[in-house]
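Each remark here refers to the structure printed beneath this line.
Derivation of every value follows stated rules applied to the coordinates shown; laboratory data play no part. If you're wondering where the values come from, they're calculated on a predicted model, not measured in any experiment. FYI the Cβ positions are ideal-geometry reconstructions off the backbone, even for glycines, and counts take in every protein chain you see.
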Amino acid sequence: MSNSTKAPGMGPETTAIAGIDAKETRFTKLARTQWLQILIVLIAIIVLFSIAAPESFPHWGNVRLIIQNASILAILAVGMTFVIVTAGIDLSIGSVLVFSGVVAAMVMRAMGGDGWGTAIVGIIAAILSGIAWGLFNGLIITKLKVPPLIVTLGSMGIALGLAQILTGGVDIREVPAVLTNSIGYGNVFGTVPVISVIALAVVVVGAIILHRTRFGLHTFAIGSNEESARRVGVKVDRRLIAVYTLTGGLTGLAGVLSLSQFSTTAIAGQTETNLNVITAVVIGGTSLFGGIGTIIGSIVGLFIPAVLQNGFVIMGVQPFWQQVAVGLVLIIAVYVDQVRRAQASRGGDAGVWRHLLARRRG
Amino acid sequence: MKWSRTLTITAIGALGALGFAGCSSGGDGEGDTAGSYEFAFVQGVAGDEFYISMQCGMESKAKELGVTVNTQGAEKFDPSLQKPLVDSVVASSPDALLIAATDQTAMQAPIKAANDAGVEVVLVDTSIEDPSFAVSAIASDNIGGGEAAFKAIAEAHPDGGKVLVVSVDPGITTTDQRAEGFEAAVAENDKFESLGVQYSHNQPDEAARIVTASLQKDKDIVGIFAANLFAAEGTATGVKQAGAEDLTIVGFDAGPAQVEQLKAGTVQALVAQEPASIGEQAVEQAYNALEGEETTTEIQTGFTIITQDNIDGDAADAVYQSSC
């Protein structure tokens, strides 16, 4: 955990205690964070692909499409980071996204019109329906004490089923043109996709909330040890409901953004979204056991599968290899996280890489 | 631990090797042979014998013309999975994009964007809402296929009865047209009653569930039309699970599993499309467009009805391939 200053005759206990007091440069502290190490992996992948396909991969035209396609997932990843940091999980995001899109589309279709008035009502309707599902999840998890995995597994099915009931299984394809043109495919400064700017805003606000507010601090505390947090006076139930509601609201927003990009409710879609987002968040260094995580790590973790897929497609690699690669990266990332946790609990002073590469003493 | 060091180095090496393995297994780079075109084929879903047969047809025609075809497909028939693929394909600057769109509305904008970026587009199998910018749209005569499927059921049950359609998802032009053709033919025949169209989301187990539930509700169903490969596989399973007899199942597509079911007698007829022919013509149309020659905007390919009588004879060639 630090550069220990070993005095002669110091045993392991004194080393650890001395370690707490010893100064650690900002740089070494930064260098040990999971998200920076994952960023290095992402940069390595980007460099590999740029060498392999220099005419197609490292161009702004390609990069902006990667970013555009990752934008909706980034918004979902922000919410998921909060949830996983509390040692919970949310499997329902794909279905709630579809449901919110359906609600928005039905409201906008009922209102008629193509302009911003209708669009804004639709956006609000989508966010509200997402918040409703988040409340549903949060209340059942906290009040009925059902594990998050089970609750969100259930709401995943219910939300999708309700979406299909509402539409009779037929996609709604009438979306106000202003949504598609300015948000779905619109650009800021000519080439930066509007949808990515929105995602960036959500990411920044999410990061501020998680890392700089008391709400975020309580979120980490609940994830680290829920019982201790409760005894210290953190209103655990209320915080958890807030976290799931936040995720729900973000999913609702993602739903209307998806509507703007595809111009259809795409009820049959978003089948793998929940697992893809969880993979991204875990790769980024958020621990499934709670208490540790960063928003920026989740975003970096999101780009690894996206860049891998993009690079493989450009190079003409068989599609199935992409899944193999993402699975491998996920396992390696979680292994690294495990090693780091073991190190931290043992009070060790070496970084992850030093631990992995060093020979055992004795 | 000593193994931890080797393990770590192996892991890093594996990641690097994966990158370079991709290098060698994939294309050798863009435009290495002067004048040879590079086409990209984006399937509706990977691992489906219909699209694999199409790929085989494309590759054989491509070899003839000196063109390379690079095939990609998502794990599920899902526009949210297909869109990033199309975007990545466009970044590799192929000369033409041959694509089976997973949703006629959702894929409209990404495919149009590909065309705007200078890539010639040929739509195979499924189409989009406004295909006017595409070089060509090639598909089976799906409405005729649906009608033919009903004819097969009507012949097997001259007294009439209830019929059910198991389709995939609304919004897929091909299966919608097959259901349309079937339902129109049912409407014209007084002896038959249609129980409507159910959607199996391209999952055989979902189709099986739908069928067993429907058979519980209506024990006097005489015919089921399954609108694509996975739907047909699941329907046959469902009928077998329910133990229903004297039921005529007509499936669309003739993958190896379906042919097994046909030979075993669980399925009575298969409407086989000609995916290899679709693939060959797609490559030809794209090539013609790039060479400045004449192209055909709409091509309809035919189908073969396979039954136990002709499976070993004339119809043997109509079976789909699972690898090229």
With the calculation restricted to Cα positions, what are the radius of gyration and Dmax of the protein assembly as shown in angstrom?
-> 27.6, 100
Once the principal axes of the Cα atoms of segment A:278-324 are found, what is the range along each, listed largest first in whole angstroms?
-> 40, 17, 10
Across chain A, how many lysine pairs, 8 or more positions apart or on different chains, have C-alpha atoms separated by under 30 Å? Please give the number.
-> 4
Other protein chain Cβ atoms within 10 Å, averaged over every residue that makes up B:213-222 | 0
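What is the ratio of the Cα radius of gyration of segment B:145-274 to 2.2 N^0.38 Å, with N the residue count, to two decimals?
Details: Rg = 12.7 Å, N = 130, 2.2 N^0.38 = 14.0 Å.
My calculation over the Cα atoms of segment B:145-274 gives 0.91.
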Looking at A:ILE72, A:VAL175, A:VAL256, which one has the Cα that reaches farthest to the positive end of the dipole of chain A (charges on Cβ: Lys, Arg +1; Asp, Glu -1)?
-> A:ILE72
Considering chain B as a Gaussian network with a 10 Å cut-off on Cα pairs, which listed residue, B:ALA257, B:ALA187, B:ALA154, attains the greatest mean-square fluctuation?
-> B:ALA187
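To check you understand DSSP bridge types, tell me what percent of the beta bridges within the protein assembly as shown (both residues inside) are antiparallel, rounded to 5.
Values: 6 of 44 bridges.
In the protein assembly as shown, DSSP labels about 15 percent of beta bridges as antiparallel.
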Using a cut-off of 13 Å between alpha-carbon atoms, which aspartates and glutamates can reach B:LYS76, once sequence neighbours fewer than 8 places away in the same chain are excluded?
-> A:GLU272, B:ASP48, B:ASP103, B:ASP169
Spelling it out for B:SER127: with amide H atoms placed in the peptide plane at 1.01 Å from N, the residues 5 or more places away or on another chain with amide H under 5 Å from its amide H are B:THR173, B:THR174
If you count, for every residue in A:127-140, the Cβ atoms of partner chains within 10 Å of its Cβ, what is the mean?
-> 0
Rounding to the nearest 20 debye, state how big the charge dipole of segment A:24-348 is about its Cα centre with +1 on each Lys and Arg Cβ and -1 on each Asp and Glu Cβ.
-> 1100 debye
Residues whose placed amide H lies under 5 Å from that of B:ALA269, excluding near-sequence neighbours = B:ILE249, B:GLY251
Using the Karplus curve 6.51 cos²θ - 1.76 cosθ + 1.60 with θ = phi - 60°, work out ³J(HN,Hα) for each residue of segment B:145-161 in order, rounded to whole Hz, and write x for Gly and Pro.
-> x, x, 4, 5, 4, 5, 4, 4, 5, 4, 5, 6, 10, x, 7, x, x
Of the listed links B:LYS83/B:LYS263; B:LYS219/B:LYS263; B:LYS151/B:LYS219, those spanning more than 29 angstrom between alpha carbons are B:LYS83/B:LYS263
Take chain A, connect every pair of alpha-carbon atoms lying under 10 Å apart with a spring to form a Gaussian network, then pick out the residue of A:GLY169, A:GLY130, A:GLY94 with the largest mean-square fluctuation.
-> A:GLY169
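Tell me, what is the FRET efficiency for A:VAL63 and A:ASP237 to the nearest 0.05, using R0 = 41 angstrom and their Cβ-Cβ distance as r?
Values: r = 43 Å, r/R0 = 1.05.
Result of the calculation: an efficiency of 0.40.
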Run the quick spin-label model on A:GLN318 and B:THR307: label points 7 Å from Cα toward the beta carbon, then report their separation in nm to one decimal.
-> 3.9 nm
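Excluding the sites themselves, what is the longest stretch of chain A that contains no trypsin sites (Lys or Arg not before Pro) in a DSSP loop with at most 10 other C-beta atoms within 10 Å?
Numbers: sites that count: A:LYS23, A:LYS145, A:ARG359, A:ARG360, A:ARG361.
No qualifying site falls inside A:146-358, the longest such stretch.
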In terms of modelled amide H atoms, which long-range or inter-chain residues lie less than 5 Å from the amide H of B:PHE192?
-> B:GLY161
Rounded, prolate or oblate: pick one for segment A:24-348, where a ≥ b ≥ c are the square roots of the eigenvalues of its C-alpha gyration tensor, a/c under 1.5 means rounded, and failing that, prolate if a/b is larger than b/c, else oblate.
-> oblate
Would you mind checking the tilt of helix A:194-212 against the longest principal axis of the Cα atoms of chain A, expressed as 0 to 90 degrees and rounded to 10?
-> 40 degrees
Among B:GLY255, B:GLN203, B:GLY265, pick out the residue whose Cα is farthest towards the positive end of the charge dipole of chain B, where Lys and Arg carry +1 and Asp and Glu carry -1 on C-beta, about the Cα centre.
-> B:GLN203
List, in order, the whole-Hz ³J(HN,Hα) value for each residue of segment B:234-239 obtained from phi through the Karplus relation with A = 6.51, B = -1.76, C = 1.60 and θ = phi - 60°; use x for Gly and Pro.
-> x, 4, 4, 4, x, 5
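Which semi-axes, in whole Å and largest first, does the equivalent ellipsoid of segment B:44-159 have when worked out from the alpha carbon gyration tensor as the square roots of 5 times its eigenvalues? It would help to have the intermediate numbers written out before the result.
Values: eigenvalues 171, 59, 39 Å².
They are 29, 17, 14 Å, listed from largest to smallest.
So what is the calculated 222 nm ellipticity per residue for chain B, using -39500 (n - 2.57) for each DSSP H run with n of 4 or more, over all residues, to the nearest 500 deg cm²/dmol?
Details: 10 runs with 148 residues, N = 324.
Per the formula, -15000 deg cm²/dmol.
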Which angle between 0 and 90 degrees, to the nearest 10, do you get for helix B:204-217 versus the longest principal axis of chain B when only C-alpha atoms count?
-> 20 degrees
Count the DSSP beta bridges whose two residues both fall in chain B, then state the antiparallel fraction as a percent rounded to the nearest 5.
-> 10 percent
Taking R0 as 22 Å, what's the FRET efficiency between A:ALA342 and A:VAL146 from their Cβ-Cβ distance, rounded to 0.05?
-> 0.10
Quick one: putting +1 on the C-beta of Lys and Arg, -1 on the C-beta of Asp and Glu, what dipole do you get for chain B around its Cα centre, in Debye to the nearest 20?
-> 1400 debye
In degrees rounded to 10, the 0-90 angle between helix B:275-291 Cα long axis and the longest Cα principal axis of chain B is 40 degrees
Each residue of segment A:87-103 in turn: what ³J(HN,Hα) in whole Hz from Karplus with 6.51, -1.76, 1.60 and θ = phi - 60°, glycine and Pro shown as x?
-> 6, x, 7, 9, 8, 8, 4, x, 5, 5, 4, 4, 4, 4, x, 5, 4
Using only the Cα atoms of chain B, each taken as one equal point scatterer with no solvent, compute I(q) by the Debye sum, divide by I(0), and report log10 of the ratio at q = 0.08, 0.09, 0.13, 0.15 Å⁻¹.
-> -0.41, -0.51, -0.92, -1.13
Given the candidates A:LEU160, A:LEU240, A:TRP133, the one whose Cα lies deepest towards the positive end of the charge dipole of segment A:24-348, counting +1 at each Lys or Arg C-beta and -1 at each Asp or Glu C-beta, is A:LEU240
